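See structure below.
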Amino acid sequence: MIGAEQTSGEPGRAELGIRVVVYPEGGGPEIMEVSASGPRAATPKFTRVIMEHVADGFPEEALREIIQNLIHAEYRGVVVSVLDGGRTVRVSDRGPGIKDKSKAMEFGFSGARPEVLSHIRGVGAGLGIAREAVAKAGGTVEIEDNIGTGTVVTISIKEKGESPRAKEQPTRPRYPDAVPKINLSERQQKALITVMEEGEAGPSTVAEVLEVSVSTAYRDLSVLEEQGLLLCDESGKRFISPLGRDLVRTIISSWV
């Protein structure tokens, strides 16, 4: 079963499926069909199955983010290949692809459609988190076009004892020494991330996303603006500053 096909006997209920192919050293490939009841169940289940076949030290957080990102491809034609003794995992799909691959792993880049935001974080962080996690493991992430349509994401880590080669480094922040220490509440952090995700936003947008009152959203945005994390245009819309973007990067990196 490949892609979102109806596999259960219940009318109208569709399960999501992927194919996992493990290429053991010196043996033939092992092919598994893995299904899940929906996007929320798919990410942990698919990740768990794949992690059973990877090498020690493979960054689970990175794999989880790549698997979660498959929701953008609607799980069409997903094939996960485990190679090099479990040190390389290649995830390919037949979705719409990523037009600007050079920006895909930047924090704040998001292609999330409104209909999928209930299933994923939606802050433009997933591939950035994956890149950071893989870099910490001394590995690399590559994003390429699939043949015909879709995307191929490859995570590779070095063998234990192997000397580091061209280790991938996280993108350089605007404030390379250190982001100034700024104390924000959890709600204010969410408001800052919301503005980054939206591109620009006012109190009503933040209030709707965070499910708070407009007056509360206004106060939080004012605090963020006073801290230099947001800028305001003539229409009253806020957009994120370079410092704000680097602070979001720091917040998200702490999740890895």
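In the structure shown, do any of K45/K158; K136/K181; K45/K181; K136/K190; K181/K237 have a Cα-Cα gap over 28 Å, and if so which? Those over the limit are K45/K181. Label positions at D56 and S213, each projected 7 Å from the Cα along the C-beta direction, are separated by 5.6 nm. With a 1.4 Å probe and all protein chains kept in place, how much accessible area does K190 have, in Å² rounded to the nearest 10? Accessible area, nearest 10 Å²: 100 Å². Translational diffusion of segment 186-256, estimated by Stokes-Einstein from the Kirkwood radius over alpha carbon pairs at 4 °C in a medium of 1.567 mPa s, is 110 µm² per second.
Computed with a 1.4 Å probe over protein heavy atoms only, the accessible area of Y23 comes to about 100 Å². Summarising the label geometry, the points placed 7 Å from Cα in the beta-carbon direction at E159 and D233 lie 5.4 nm from one another. Fully extending the segment from V49 to S222, taken as 0.36 nm per residue of separation minus the present Cα-Cα distance, adds 57.7 nm. Taking Lys and Arg as +1 and Asp and Glu as -1, the other residues whose beta-carbon sits under 13 Å from that of F239 total -3. A 1.4 Å probe, protein heavy atoms only, puts the accessible area of I98 near 30 Å².
The values are calculated or read from the model by the stated rules, or taken from the named source; none is laboratory data. Just so it is clear, the structure is predicted and the values come from calculations on it, not from any experiment. No Cβ is skipped: glycine too gets one built from the backbone with ideal geometry, and neighbour counts run over all protein chains shown. Side chains are part of the model used for accessible areas, which takes the heavy atoms of the whole protein and leaves out ligands, DNA and RNA. Shrake-Rupley method; radii C 1.70, N 1.55, O 1.52, S 1.80 Å.
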